[in-house]
Amino acid sequence: MHHFQYRDGVLHAEDVPLDRIAAEVGTPFYCYAHATLTRHYRVLREAFAGLPVLICYAMKANSNQSVVRTFVTEGAGVDVVSGGELQRALAAGAAPDAIVFSGVAKSRTEIAAALDAGILTFNVESEPELERLSAIATARGTVAPVSIRINPDVDARTHRKITTGRAENKFGIPYQKAREVYARAASLPGVQVTGVAMHIGSQITDLDPYDAAYARLAEVVRTLRADGHAITHVDAGGGLGVPYRLDDPPPPGPNAYAAVVRRHLGDLDVTILIEPGRVLVGNAGILVTEVEYVKTGADKTFIIVDAAMNDLIRPTLYDAHHDLLPVRAADGSPEAITADVVGGVCETGDYLARDRALPRFEAGDLLAVMTAGAYGAVQSSTYNTRPLAAEVMVRGDQWAVVRPRQSTDDLIAMDRLAPWLAPS
Ligand code: LLP
């Protein structure tokens, strides 16, 4: 469910017509619906009612300050994966003791910053990281709260680039080594290991992998407790998928997912952390773009728009499907054509849709790329010296630019001329 609907033939974000925003902000722009963000958070929280669950929003999915603040205001913690995200989470008002720090490559500086901030827990991904963390914490006269991420070797049955829980993936320690690594951790002075973490992948639309992974997670917790470790929390990760094709039957939702969590982890007498990203923000955001040209090629028709792979790389990187809707329902003749929707970046891989049945659009028409709230703006780049798109948030009949469009001057100003090239 989301809040992008047609009214009087114009696609609205909540109560605001998107063509009005386009006229004021220009295109392309991302638009987020506050009502959808809060609704998704509340539905997820409700699904876990009665369980001691802390929802830590995986801000990698969308790290705009207004988005993070929306969830923090609802009571969420935050899952961060870099020192940069930690700083952003704190700037957005996140409580340090509700922040978990995941990621395989935590630098010394990042670890020190997280220790200074007093975060809830480090999700440690390897033995060398454990040693480094202990050494840094000891040197600072403190003890780091730690969960160790277990790789359950379960196939999440999602795109190969976003599956994380297979033995061949770089994440976590093999579950078979858990006892050994926890024993080592218990002997280190600078860490206190109280949790077990797991995250098996993203855009998961089948609950069986969760079922297998959480069964393994519960088994690991029992084994570690039998070894004498005091495990007080588990982190079940994120990954729940969203419907990208609105015509398709929806994938399992929060209630079905929560039932799996409850079944395996509900009786462990632990605090349960979850790290959802996409399910909270995915269909709370869209990307609005304008048609520049329609070009009839030898084999294909190309609808050339002003957004490109630098704005939304998901189709290029993961063969992802995003529904496309005309902002003005009357735009595009009803006669359907099959076309590629492409941007202006000089790469054949630059497309938003391929071989898509669409109305025949014309230059000046506005298109909404749906379900672009997760891993959209955050994965954008300035390739081809294309400034980062604007981001807008709507709430009821109000709207605000929550990240202004980057200017080309700003972009160029980030470069420095080497002294020997500077004009004399
Ligand atoms: N926790 C950890 C440790 C993660 O690595 C991730 C996502 C999440 C939580 C949140 O997963 P979610 O609930 O959003 O599925 N760029 C890709 C997705 C990459 C996901 C990376 N890790 C895409 O556009 O599909």
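Listed values, structure above:
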| item | result |
| --- | --- |
| 2 or more residues free of Cβ contacts under 8 Å to residues at least 60 places away in the same chain and surrounded by fewer than 19 Cβ atoms within 10 Å (Cβ to Cβ): qualifying strands (runs of 3 or more DSSP E) within the range 343-409 | 351-360 |
| Top-ranked residue of the range 89-105 - restricted to ones that are within 10 Å of the ligand (Cβ to nearest atom) and aliphatic (A, V, I, L, M), ranked as surrounded by the fewest Cβ atoms within 10 Å (Cβ to Cβ) | Val104 |
| Ala114 vs. criteria within 16 Å of the ligand (Cβ to nearest atom), crowded, with 23+ Cβ neighbours inside 10 Å and part of a helix (DSSP H, G or I) | yes |
| So Val270, is it closer than 20 Å to Leu246 by Cβ and not hydroxyl-bearing (Ser, Thr, Tyr) | no |
| Residues located in the range 167-187, provided they are among the basic types (Lys, Arg) and either in contact with a His (Cβ under 7 Å, 6 or more places away or on another chain) or open to solvent by 70 Å² or more (accessible area, probe 1.4 Å) (or both) | Lys170, Arg179, Arg184 |
| Any hit, the range 312-321, residues being open to solvent by less than 40 Å² (accessible area, probe 1.4 Å), within 30 Å of Gly75 (Cα to Cα) and not aromatic (Phe, Trp, Tyr) | yes |
| The range 218-247 - residue that is of a type in the set (D, E, K, R) and within 16 Å of the ligand (Cβ to nearest atom) and, of those, surrounded by the fewest Cβ atoms within 10 Å (Cβ to Cβ) | Arg245 |
| Which numbered condition Lys161 misses (of (1) assigned to a strand (DSSP E or B); (2) touching a Phe, Trp or Tyr at 6+ places or on another chain (Cβ under 8 Å); (3) surrounded by fewer than 22 Cβ atoms within 10 Å (Cβ to Cβ)) | (1) |
| Matching residues, the range 123-137, being open to solvent by 10 Å² or more (accessible area, probe 1.4 Å) and of a type in the set (Val, Ile, Thr) | Ile136 |
| Residue list for the range 251-308, restricted to those being open to solvent by 10 Å² or more (accessible area, probe 1.4 Å), more than 17 Å from Tyr214 (Cα to Cα), away from the ligand (no atom under 13 Å from the Cβ) and not in a loop (DSSP other than H, G, I, E, B) | Glu290, Glu292, Tyr293, Val294, Lys295, Thr296, Thr301, Phe302, Ile304 |
| Selection count where residues are more than 21 Å from Ser380 (Cα to Cα), out of contact with any helix residue (DSSP H, G or I) (no Cβ under 6 Å at 6 or more places or on another chain) and surrounded by fewer than 18 Cβ atoms within 10 Å (Cβ to Cβ), scope the range 70-88 | 2 |
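The values are calculated or read from the model by the stated rules, or taken from the named source; none is laboratory data. Remember, it's a predicted structure, so these values are computed and weren't measured experimentally. We place every Cβ from the backbone using ideal geometry, glycine too, and count neighbours over all the protein chains shown. Ligands, DNA and RNA are excluded from the accessible area calculation, which covers all protein heavy atoms including side chains. Shrake-Rupley method; radii C 1.70, N 1.55, O 1.52, S 1.80 Å.
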